[in-house]
Amino acid sequence: MLSTEQYIFDIKRLKAEKNAIILAHYYQTGDIQDIADFVGDSLALSQKAASNSADIIIFAGVKFMAETAKILAPGKKVLLPDLNAGCSLADSCKAEDFEKFLKENQGRTVISYVNTTAEIKALSDIICTSSNAVQIVESLPPDEKIIFAPDRNLGNYILNKTGRDMVIWNGACHVHEKFSLEAILRLKKENSTAKIIVHPECELPVRLVADFIGSTSSLLKLTKKDKGNCYIIATEVGIIHQMKKENPGKTYIPAPPIDSTCGCSECGFMKLITIEKILNCLKNEKPEIIIDNETLIRAQKPIQRMLEISEKLGL
Ligand code: 13P
Ligand code: SF4
């Protein structure tokens with residue numbers, strides 16, 4: 001076991017030697033966010049993966065994010081420090097079940113959330129993230145029939161916003177579904193000036209008490225530009241690291257889940273990535289993300305479509 005300084009020193013040295021970059025999601029621990037070359041939400045991370053000059057991408061996040069990076073940059077080596085870093089939401093949508101669902105709902109445009117496996121992306125028409133989901137749906141003609149997968153909470157949030165004809169897959173994220181409405185309301189009572197800010201993967205009762213709903217990056221932007229100074233945050237607790245860095249004078253209260261010992265909501269998959277695993281991964285150049293060529297090529301089109309629409313809309 002090395003000291004944190006030694007890990008950081010070795011990681012920086014190897015990154016330079018191997019022309020590697022670290023892309024990290026906001027749900028990573030603070031030490032990882034601080035050593036990353038780029039920190040962002042799922043949309044920003046896929047945009048960065050699609051345009052950078054590194055030979056190796058170390059993805060500090062979960063598997064579907066690293067797969068998206070590989071699909072967008074097939075010529076690069078994409079490494080995920082722990083291949084067990086999965087996602088309960090992506091797991092809730094298996095390719096064989098999804099194929100059956102598509103057959104039962106033919107004639108609809110398939111919009112899949114980025115939190116899906118490469119196989120699901122290959123079966124989709126357009127990918128979206130929580131940063132652009134509403135805009136992607138609105139970019140389609142008003143009478144276009146849609147399938148949205150796999151998050152039922154995000155799907156219902158979009159449905160309420162757009163009123164489009166949507167069939168929604170019944171999946172969910174175990175972290176965002178667990179927030180305790182009772183505890184959030186109690187915190188609000190104790191901190192009457194606090195704003196409740198919520199990720200759209202949360203369930204309806206939590207979304208209904210929100211002052212603001214948005215992706216991780218829009219929650220971060222809000223805490224920057226908003227005049228308030230206290231926030232109850234219903235998303236994974238890692239985002240608070242950036243909020244504190246960018247606006248240290250404000251108070252950030254993690255919304256508690258129904259059952260937890262730490263009183264905060266951690267995604268156990270995200271937290272499988274550690275600084276030690278990042279160093280080993282850089283040294284050994286594995287575990288590597290490998291996607292079969294046919295799936296990779298089929299998955300490229302819907303992701304590119306998302307990036308094109310997002311670019312047009314300035315997202
Ligand atoms: P973002 O799209 O906000 O990055 O969220 C990703 C995610 O995994 C939410 O649980
Ligand atoms: Fe998946 Fe939920 Fe973790 Fe996000 S927070 S990576 S949706 S399990």
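Evaluate the following for LEU307: is it among the hydrophobic types (A, V, I, L, M, F, W, C), under 23 Å from LEU89 (Cβ atoms) and surrounded by fewer than 15 Cβ atoms within 10 Å (Cβ to Cβ)? If you could, list the steps in order and put the result at the bottom.
Values: among the hydrophobic types (A, V, I, L, M, F, W, C): yes; under 23 Å from LEU89 (Cβ atoms): yes; surrounded by fewer than 15 Cβ atoms within 10 Å (Cβ to Cβ): no.
In short, no.
Scanning the stretch 104-114 for residues that are surrounded by 23 or more Cβ atoms within 10 Å (Cβ to Cβ) and touching a residue at least 60 places away in the same chain (Cβ under 8 Å) yields SER112, VAL114.
Here are some residues: VAL78, VAL62. Which one is away from ligand 1 (no atom under 13 Å from the Cβ) and either open to solvent by less than 10 Å² (accessible area, probe 1.4 Å) or of a type in the set (Ser, Thr, Tyr) (or both)? Steps first, please.
Details: VAL62 fails: away from ligand 1 (no atom under 13 Å from the Cβ).
VAL78 is the lone residue from the list that is away from ligand 1 (no atom under 13 Å from the Cβ) and either open to solvent by less than 10 Å² (accessible area, probe 1.4 Å) or of a type in the set (Ser, Thr, Tyr) (or both).
Every residue, every condition in (1) under 20 Å from PRO302 (Cα atoms); (2) in contact (Cβ under 8 Å) with a residue 40 or more places away in the chain; (3) in a helix (DSSP H, G or I); (4) away from ligand 2 (no atom under 13 Å from the Cβ), yes or no:
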{"site": "PRO74", "(1), (2), (3), (4)": "yes, yes, no, yes"}
{"site": "GLU99", "(1), (2), (3), (4)": "yes, no, yes, yes"}
{"site": "LEU102", "(1), (2), (3), (4)": "yes, yes, yes, yes"}
{"site": "THR116", "(1), (2), (3), (4)": "yes, yes, no, no"}
{"site": "SER124", "(1), (2), (3), (4)": "yes, yes, no, yes"}
{"site": "PHE148", "(1), (2), (3), (4)": "yes, no, no, yes"}
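For the stretch 36-51, give me each residue that is farther than 13 Å from GLU311 by Cβ and either open to solvent by 10 Å² or more (accessible area, probe 1.4 Å) or not in a helix (DSSP H, G or I) (or both). ALA36, ASP37, PHE38, VAL39, GLY40, ASP41, SER42, LYS48, listed by residue number.
Does ASP143 count as in contact with a strand residue (DSSP E or B) (Cβ under 9 Å, 6 or more places away or on another chain) and at pLDDT 95 or above?
On the way: in contact with a strand residue (DSSP E or B) (Cβ under 9 Å, 6 or more places away or on another chain): no; at pLDDT 95 or above: yes.
No: the conditions fail for ASP143.
Please state which one of HIS199, HIS174 is surrounded by fewer than 18 Cβ atoms within 10 Å (Cβ to Cβ), within 12 Å of ligand 1 (Cβ to nearest atom), touching a residue at least 60 places away in the same chain (Cβ under 8 Å) and not aromatic (Phe, Trp, Tyr). Give the derivation first.
Working: HIS199 fails: surrounded by fewer than 18 Cβ atoms within 10 Å (Cβ to Cβ).
The match here is HIS174.
One residue stands out among those in the stretch 228-242 that are free of Cβ contacts under 8 Å to residues at least 40 places away in the same chain and under 11 Å from LYS195 (Cα atoms): the one that is farthest from ligand 2 (Cβ to nearest atom), which is ASN229. May I ask you to list the residues in the stretch 195-227 that are assigned to a loop (DSSP other than H, G, I, E, B) and either within 16 Å of ligand 2 (Cβ to nearest atom) or under 17 Å from LEU315 (Cβ atoms) (or both)? HIS199, PRO200, GLU201, CYS202, GLU203, GLY214, SER215 - these are the residues of the stretch 195-227 that are assigned to a loop (DSSP other than H, G, I, E, B) and either within 16 Å of ligand 2 (Cβ to nearest atom) or under 17 Å from LEU315 (Cβ atoms) (or both). Scanning the stretch 254-262 for any residue that is over 15 Å from the mean Cα position of the chain (by Cα), within 29 Å of ILE58 (Cβ to Cβ), at pLDDT 95 or above and more than 16 Å from ligand 1 (Cβ to nearest atom) turns up nothing.
The values are calculated or read from the model by the stated rules, or taken from the named source; none is laboratory data. Note that the structure is a prediction, hence the values are computed from the model and not measured. Positions of Cβ are backbone-derived with ideal geometry, glycine not excepted, and every protein chain shown enters the neighbour counts. All accessible areas refer to the heavy atoms of the entire protein, side chains included, with ligands and DNA or RNA removed. Shrake-Rupley method; radii C 1.70, N 1.55, O 1.52, S 1.80 Å.
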